[in-house]
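Novice: Here it is, the structure in full.
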Amino acid sequence: MNTILLQAISNPDVNLQAILPETIVAVTGIIVMLYDVFAPKQKNVTTVISLIGLAIAAYFMYSMWGGGPTTSWNGMIANDPLRISFSLVLLFVAAVTILTSTVWSERETVPVGEYHALLLFATFGSMFMASGNDFVIIFLGLETLSIATYVMAGLRKSDLKSNESAMKYFILGSFASAFLLYGMALIYGATGTTNVALIAERIASPTFPGLLLMGGAMLVIGFGFKVATVPFHVWTPDVYEGAPSPVTGFMAAGPKAAAFASFIRVFVIGFPLIGGATAAGYLHESWVTALAVMAMLTMTVGNISAIVQNNVKRMLAYSSISHAGYAMVGFVGAGVAKTPEVRDAAIAAVAFYLLTYAVTNLGAFSIISLVGQKNDRRTEFEDYNGIGFKSPVIAFSLSLFMLSLLGLPMTAGFIGKVLVFRPALEAGSVMLTTMVVVAVVNTAISAYYYLRLIVVMFFRERTTDWSEPKMPVGVAAVLLITIIGVFYFGLFSGSWIEKFVTPSAPTAVQAAK
């Protein structure tokens, strides 16, 4: 251990280019924060600065694909397709959230510059979670993301629901972070390192096997909270309902994708498939079984709970829980993969699924933000009664997003589900096949509440007057981007699938096409 520490101090392996995208996002957040101090009323300027910073970061992140060393900073930062694909998803989520927030910032008295800065810092933390190849980097990224998100959830200071949302998220999030940190400490005690790659090398002969198993269990709890899996999902409905709609859309797509990136890196890469009656073998078998059971419970509880909801945001919160379960099907498929090619294809499928989910979910929340009015007053199902032909753009767009979340063919949601289910089926495992069957049954169950919203909009009569809300340019741009994205990924996603899947897996690419 002392040798490794001395080597890190004498040769820190500094590579500023490897963290350039994250640095650009952080610097943009600082610029926005300073600008807001001197010109707090210039809302549009901070929007433009934020979007430019995210676009530049996305350009440099995309240019890193397939080039440069695989790790830097003494192995603490990874430069692989997992990091780049998830980071691009996170940058897209942040940009679309900023555009969606234009309608919210215009009608509510919130500090817009402060909100944009917090959103950028949350994105910065998310990107470090995706790029972290060391427990230290992952935890620092997680805390940066969490603190910024706690504040954003309660940014509407005069709204009691928003205050309650922030407080619940903070208290339960702190417990989850503690479990995660204790788990990391126990894994360090068992292997003598916090580096994920070195953990994978030393896991076969840990110093203290008991610490290894206990640490893995605590990590499952910590990450399970962050991705909102059953039974660690209880915070999600209340927090999603109380937070401002643009923040809810961001939380459902961005932090979830970042948590999945770290979750996959630690468990699939750090705790690889090792046979035999060893602590490492028991650990792998235990976490695969635990996540398989959690995935089936998550899909079932999320969908059944969503059926009885009368608040659209709360319904989408339970929908988000169920979609975490669908993504975990591909996650578990990557965990049991016997070759690097199959593993990489399964990881890529999860990344692509989260991209399609982000496109669809952000489009839905842009409409909820538009219809919701100040303090999200109009978020009940009855508020959407009969608007189908009175506001056709809003109604048909929201219907499309509901059908994509359902997984209707020719939409992005359908392709995403096909990709995450396929590796599980090809694994030939009874457990994974059962997971796919449960997922398909739950998809059929979800049709009830997704189609219910469509029925409400087109086949119910209004009991109150309806005045169509004015659509800002930012929301119109979000609808255009997300509608094109739903159809593009549903019909012409072959090139993106090739990009997400690593070059070492050509057979998986051909199969996905």
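The values are calculated or read from the model by the stated rules, or taken from the named source; none is laboratory data. Note that the coordinates shown come from a computational prediction; the quantities given were computed from them, not determined experimentally. Neighbour counts are summed over all protein chains in view; Cβ atoms, including those assigned to glycine, are modelled from backbone coordinates with ideal geometry.
Novice: Out of curiosity, is residue 121 at pLDDT 90 or above, part of a helix (DSSP H, G or I) and closer than 18 Å to residue 249 by Cα?
Specialist: Considered against the rule, which asks whether it is at pLDDT 90 or above, part of a helix (DSSP H, G or I) and closer than 18 Å to residue 249 by Cα, residue 121 comes out as yes.
Novice: Consider only pairs whose beta carbons are under 8 Å apart and that are at least six residues apart or on different chains; among these, list those whose first residue lies in segment 377-391 and is more than 13 Å from residue 453 (Cβ to Cβ) and whose second residue is of a type in the set (Val, Ile, Thr).
Specialist: Short answer, once both residue conditions are applied: 378/371.
Novice: Working only within segment 258-280, note down all residues that are crowded, with 23+ Cβ neighbours inside 10 Å and assigned to a loop (DSSP other than H, G, I, E, B).
Specialist: Of everything in segment 258-280, just one residue is crowded, with 23+ Cβ neighbours inside 10 Å and assigned to a loop (DSSP other than H, G, I, E, B), namely 271.
Novice: Exactly one condition in (1) modelled with pLDDT under 90; (2) over 27 Å from residue 84 (Cα atoms); (3) crowded, with 17+ Cβ neighbours inside 10 Å; (4) out of contact with any Gly (no Cβ under 6 Å at 6 or more places or on another chain) is not met by residue 283; state its number.
Specialist: Just one mismatch for residue 283, condition (4).
Novice: Any chance you could count how many residues in segment 264-293 are without any contact (Cβ under 8 Å) to a residue 60 or more places away in the chain and more than 17 Å from residue 218 (Cα to Cα)?
Specialist: Count: 4.
Novice: Please go through segment 380-395 and give me each residue that is loosely packed, with under 15 Cβ neighbours inside 10 Å and either over 18 Å from residue 310 (Cα atoms) or not charged (D, E, K, R) (or both), ordered by number.
Specialist: 389, 390, 392, 393
Novice: Which residue pairs have Cβ atoms under 6 Å apart, sit 6 or more places apart or on different chains, and have a first residue in segment 199-228 that is crowded, with 24+ Cβ neighbours inside 10 Å and a second that is charged (D, E, K, R) and at pLDDT 90 or above?
Specialist: The qualifying pairs are 227/256.
Novice: Continuing with this model, one more query. Please report, ordered by residue number, the helices (runs of 4 or more DSSP H) entirely within segment 379-495 with at least 2 residues that are touching a helix residue (DSSP H, G or I) at 6+ places or on another chain (Cβ under 7 Å) and among the aromatic types (Phe, Trp, Tyr).
Specialist: In segment 379-495, the matching helices (runs of 4 or more DSSP H) lie at 412-426, 430-459.
Novice: Now for a different question. So, residue 430, is that one surrounded by fewer than 18 Cβ atoms within 10 Å (Cβ to Cβ), within 30 Å of residue 294 (Cα to Cα) and within 25 Å of the chain's Cα centre (by Cα) or not?
Specialist: No: the conditions fail for residue 430.
Residues are listed down the side, and each one gets a yes or a no for (1) surrounded by 24 or more Cβ atoms within 10 Å (Cβ to Cβ); (2) touching a strand residue (DSSP E or B) at 6+ places or on another chain (Cβ under 8 Å):
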site	(1), (2)
80	no, no
84	no, no
97	yes, no
110	no, no
115	yes, no
118	no, no
124	yes, no
131	yes, yes
151	no, no
